[in-house]
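Report on one structure; see the data block that follows.
Read-outs throughout are calculated quantities, based only on the coordinates presented, and are distinct from any laboratory measurement. If you're wondering where the values come from, they're calculated on a predicted model, not measured in any experiment. Here the Cβ is made from the backbone with ideal geometry for all residues, glycine too, and neighbour counts use every protein chain on show.
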Amino acid sequence: MALDLIALGEPLVEFNQSGEGTDGTFYRLGFGGDTSNTAIAAARQGVRAGYFTGLGQDAFGDMFMQLWAAEGVDTSHVVRRAEAHTGMYFVTHGPDGHVFSYMRAGSVASLVKPQDIPAKYIAGAKYLHISGISQAISDTACDSVLAAIDTARAAGVKVAYDTNLRLKLWPLARARAITHATIPLCDVIFPSLEDATVLTGLSDPDDIASFYLDLGASLCLLKMGKDGVLVAERGNRQKIAGYKVASVDATGAGDTFDGSFLAMLIEGRSPIEAARYANAAAALSTCGYGAVAPIPRRSEVEAFLNAPH
Ligand code: KDG
């Protein structure tokens, strides 16, 4: 079955501090991993999404296979290996928002090599989605992402990329070099203002958008959290305001934006219409704890967009 979107990267089992429990230290078991979140967000909006990664032959790997099956995300090319584990992370919440603590080094996803990339599978999709995290988890994973991009481009598959900067995973100089080398290979990029400020050294959203368009991206969605998103193409840019909602946890909001935006683009909506929709989806995803559980479905996003604000 040809897919609309294939995402590639590392899923992480999530333990998210929810504030529940007698001493407030209850950790809710859930799912994360930026590109997996994006695939699920796209599937919840109604497009055919698939995911490529490596998982351990462990209980957490089984949980992910069950999750994706329940979400309708295709897993026909996921690799399972017994020699390493599925990655996990903890999310704690403090005065500066959420903090991620990883237990992922040596995971099966980080052992993926370019020769593991399912070329025909990717070549049959409309979009390939990858991220800075997909590249940061290991050198072989980084090479694999670049191989997947080459495959996509050679087959006319569009490439979408979230810079998702994680300085716990790689040093800034390397992150900057790889990110800046990847952007010209992409059709749609999703930097957050926070990442882009660090990666480019610029702080003005318009300057950042110009920088990325000059690097070679054709469509840049600069995500600015509760301040909305700047949609920038050559000769056309528009800021779309954010929504005020009762946010408790922003984990995965950017990934929800990416998946919802791509779903709308795949349906034929314009970048501005797609960004309006994705902005609402991302806002709604912050109203519950965890990366995946609060990703809204299409009916919820549409109801929210039709309600007075
Ligand atoms: O965007 C949310 C993700 O960052 C989270 O689910 C965990 O993929 C993750 C990571 O590496 O930070």
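Tabulated results
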| read-out | value |
| --- | --- |
| For region 5-302: rounded, prolate or oblate by the Cα gyration tensor [a/c cutoff 1.5] | rounded |
| Cα centroid separation, region 50-113 to region 202-275 (Å) | 26 |
| Taking region 218-309 and dividing mean pair separation by its residue count, relative contact order in percent (alpha carbons under 8 Å, at least six apart) | 25 |
| Net charge of Cβ neighbours under 15 Å - reference G87; Lys, Arg +1; Asp, Glu -1 | -1 |
| Cα-centred dipole magnitude for region 1-94, charges only on beta-carbon of K, R (+1) and D, E (-1), debye, nearest 20 | 200 |
| Formal net charge of residues neighbouring D162 (Cβ-Cβ distance under 15 Å; K, R +1; D, E -1) | -4 |
| Antiparallel DSSP beta bridges within the chain, as percent of all bridges there, nearest 5 | 50 |
| Computed over region 137-200: relative contact order in percent, which uses C-alpha pairs under 8 Å that are six or more apart | 38 |
| Distance between modelled label sites at S210 and H309, nm, 7 Å Cα→Cβ extension | 2.8 |
| Percentage relative contact order, the chain, counting C-alpha pairs under 8 Å, at least six apart | 17 |
| In nm, spacing of pseudo-spin labels at L172 and A246 (7 Å Cα→C-beta vector) | 3.9 |
| Segment D143-A69, length gained on full extension (0.36 nm per residue, minus Cα span) | 23.8 nm |
| Count of Lys pairs (Cα-Cα under 21 Å; at least 8 positions apart or interchain) in the chain | 7 |
